[in-house]
Amino acid sequence: MTPEASREFWKQHIAAWHSSGLSGKAYCTAQNISYHGMAYHFHKMKANAERSNPPTFVTPTMKKNESSGVVIAHLGSGVILEFAENIAQPLRNDWLESLSRLTS
């Protein structure tokens, strides 16, 4: 089997496994394929996808909750930092300054 054919074989099996609702071991047993082979290719494909889609930085959006005094920074991808307005202000400012440098 060529490397391209092997990648396609495992790609199809991994997609079928995900939609099957079975554990990896149960799927491989039912399909009479190597569980360790599928796990190897799954992790290899995942690593390749992560390399081809590196994380990006976004400009944080800031909002202050007037009732609680909490400053909220939305960093994208569901990441949220919350800072109590009156606690560790120098630390909060250092974080926000560092984030601004990364995103500018």
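The values are calculated or read from the model by the stated rules, or taken from the named source; none is laboratory data. Just so you know, these numbers come straight off a predicted model, no measurement behind them.
The residues of the range 10-22 that are over 15 Å from residue 43 (Cα atoms) and part of a helix (DSSP H, G or I), listed by number, are 16, 19, 20.
Of the numbered criteria (1) under 26 Å from residue 11 (Cα atoms); (2) modelled with pLDDT under 70, the one residue 46 fails is (2).
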